[in-house]
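What follows is a set of notes on a single structure, which appears directly below.
The values are calculated or read from the model by the stated rules, or taken from the named source; none is laboratory data. What you see is a predicted model; the values in this text were computed from it and never measured. Backbone-built Cβ (ideal geometry, glycine too); neighbour counts: all protein chains shown. Areas reflect the complete protein model, heavy atoms only, side chains present, ligands, DNA and RNA absent. Shrake-Rupley method; radii C 1.70, N 1.55, O 1.52, S 1.80 Å.
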Amino acid sequence: MSQEKILLIRMLGLGDVTCIGIPALRHFKKEFPQARFSFLTFAAGQEMIRLAEPDTHVWGLEKDQWPENIIPAMETFLGLAEQIIAEGYTHIVNLDTWFMPCFLARFLKDAGEPVTGNTMSVSVQSLIDQFQSQQLKAEYVNDPVSYMQSSFFSMHRWHTPWWQSSLLPDNGYPEFYLRTCCGFDELEMDWSVDVPADQRLKKIGKQKKIIALAPQARTAERSYPFAQALQGILQDMGYHVWTGFDGKIPLRQTLMQLKATDLLVTAPSAPQWLASTVGCPSLVVCGDVDPRTLMPDYATDPHDGPIPAEQLAESIHSIFEDEQSEAHQNR
């Protein structure tokens with residue numbers, strides 16, 4: 001009997017690859033201990049999966065290889081499909097919800113490949129025909145409710161305001177997606193990555209608390225605009241503050257620095273999930289994002305406008321004061 005070859009697909013974005021891709025990969029490895037695994041992802045997601053599961057074959061697209069225009073993008077993903085078909089996988093599982101990975105999965109399924117998970121709801125030929133006749137609507141490409149179908153029985157719940165339920169998963173969206181939507185009931189929510197703490201920050205941490213700032217999110221609306229002022233105030237309070245989540249340093253180095261950090265202050269974005277891989281607590285500056293979707297260690301209340309830097313600095317300071325008070329009481 002030939003060895004099973006399993007391909008998991010989760011491409012966007014880095015945070016989702018971390019908190020969804022890694023637990024899913026570990027779940028499948030536990031379910032199929034003798035199988036050979038590959039993971040298809042995008043940009044920095046490749047480095048993250050390699051750090052977490054170095055014995056997995058990781059491949060995919062680099063940042064400049066994913067065209068924004070739909071026709072070149074389809075050509076790129078059809079090229080990926082050719083490579084996938086040539087590998088002869090026994091299982092292909094698309095965990096992604098974005099349009100192009102669902103497009104890829106539908107092409108593979110129609111080509112007779114053993115695909116499960118999320119796919120585009122129409123055939124690739126039908127999509128091309130609609131595009132050429134100018135009947136393809138923008139909302140079909142942009143709205144998962146329109147374009148996505150799934151073999152996961154409960155994926156329809158992904159489209160609901162699940163966070164308003166009285167029974168919230170401890171790990172927020174990743175746990176809801178994997179256990180409820182995908183049906184992986186026995187999956188362990190483990191996306192930890194083993195790296196050593198950064199020695200320079202570790203040395204600084206003996207003298208003062210260390211705070212990391214990650215103010216940028218995918219959209220301007222979710223980004224925190226007063227990060228520079230906040231950094232200055234926190235430094236005046238005696239904290240050591242570092243930032244730099246722009247991808248200019250290796251991901252492993254970022255994780256090492258987070259491991260030596262006492263608190264990450266972040267917009268609703270990937271750094272929250274990066275910090276949790278190494279046990280660094282997070283304060284998420286939520287903006288209009290409901291914190292129940294993320295379930296961070298700490299969160300600001302949802303608000304329309306950005307929180308003034310002075311007010312946010314006081315909230316951060318109170319976290320450390322509460323920790324110090326609790327430690328004193330437990331002596």
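Things to note:
- Taking all protein chains as they are arranged and a probe of 1.4 Å, the heavy atoms of Phe131 leave approximately 90 Å² accessible to solvent.
- FRET E, pair Glu186, Ile249, Förster distance 45 Å, beta-carbon r, rounded to 0.05: 0.80
- Net length gained if the chain between Gln235 and Asp194 were fully extended (0.36 nm per residue, minus Cα distance): 11.8 nm
- Cα long-axis angle, helix 70-87 against the chain (0 to 90 degrees, to the nearest 10): 80 degrees
- Between 0 and 90°, nearest 10: helix 22-31 axis offset from the chain longest Cα axis: 60 degrees
- Whether the range 174-234 is rounded, prolate or oblate, judged on the alpha carbon gyration tensor where a/c under 1.5 counts as rounded: oblate
- Cα gyration tensor, the range 78-210 - rounded (a/c under 1.5), prolate or oblate: prolate
- Counting lysine pairs in the chain whose alpha carbons fall under 20 angstrom apart, excluding pairs fewer than 8 residues apart on the same chain, gives 10.
- Calculated mean residue ellipticity at 222 nm for the chain: -11000 deg cm²/dmol, from DSSP H runs with n ≥ 4 weighted as -39500 (n - 2.57), summed, divided by the residue count and rounded to 500.
- The stretch between Gln228 and Lys30 holds 66.8 nm of extra length on full extension. This uses 0.36 nm per residue minus the Cα-Cα distance.
- Heavy atoms of Asp185 accessible to a 1.4 Å probe, total area in Å² rounded to 10: 110 Å²
- When the square roots of the Cα gyration tensor eigenvalues are ordered a ≥ b ≥ c, the ratio a/c for the range 182-312 is 1.5 or more and a/b does not exceed b/c, which makes its shape oblate.
- Percentage relative contact order, the range 11-90, counting C-alpha pairs under 8 Å, at least six apart: 25 percent
- Area accessible to solvent at Asp64, 1.4 Å probe radius, in Å²: 140 Å²
- Relative contact order of the chain, defined on C-alpha pairs under 8 angstrom at six or more residues apart (%): 14 percent
- Between the helical axis of 227-236 and the longest alpha-carbon principal axis of the chain there is an angle of about 30 degrees.
- Accessible area per residue for the range 1-60, computed on protein heavy atoms with a 1.4 Å probe, is 38 Å².
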